[in-house]
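Report on the following structure.
None of the figures in this text is laboratory data; all of them are computed from the coordinates on show. From a predicted model like this one, the values you see are computed outputs, not experimental measurements. Ideal geometry is used to build each Cβ from the backbone, glycine not excepted, and the neighbour counts take in all protein chains shown.
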Amino acid sequence: MLATGLVDELPDVDGLGDRWGRDVVHCPYCHGWEIRDQVIGVLATSPMALHQAALFRQLSDRVLLLRHQVDRSMRTASKR
């Protein structure tokens, strides 16, 4: 299967695009080995960030959830 036209939509954070794929990663399965046992920050841009933080928690004891313009739905997701 071949897919084309996929574009990563990054949040508006200075320097994020320059570090994408190097210091900024999106997948604990793809990049877990390289970032294990380090301080990991999860930028919360949707309610799924809680799940993402839990996945990264399997790689490091030092995971920080960073809130970035998340609406009230984040509260709802955290109560599930």
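Projected area of the chain, taken from the Cα convex hull and averaged over every viewing direction, in nm²?
Dividing the Cα hull surface by four gives the mean projection, 6.8 nm².
Using +1 at the C-beta of Lys and Arg and -1 at the C-beta of Asp and Glu, which of Gly17, Trp33, Ala44 has the Cα lying farthest in the positive direction of the dipole of the chain?
Result: Ala44, furthest along the dipole toward the positive end.
Nothing charged except the Cβ atoms of Lys and Arg (+1) and of Asp and Glu (-1): what's the magnitude of the dipole of the chain about its Cα centre? Round to the nearest 20 debye.
Dipole about the Cα centre, nearest 20: 520 debye.
If the elastic network links every pair of Cα atoms under 10 Å, which of Gly15, Gly32, Gly41 fluctuates the most in the Gaussian network model of the chain?
Gly15
State, to one decimal in nm, how far the label point of Leu16 lies from the label point of Trp33, with both points 7 Å from Cα in the Cβ direction.
2.8
Would you please give the residues with an amide H less than 5 Å from that of His68, counting only those at least 5 places away or on a separate chain, with H modeled from the backbone geometry?
Excluding prolines and chain starts, which carry no amide H, the hits are Ala44.
Going by how many other beta carbons lie within 10 Å of each one, how would you line up Arg22, Arg57, Arg62, fewest first?
Arg22, Arg62, Arg57
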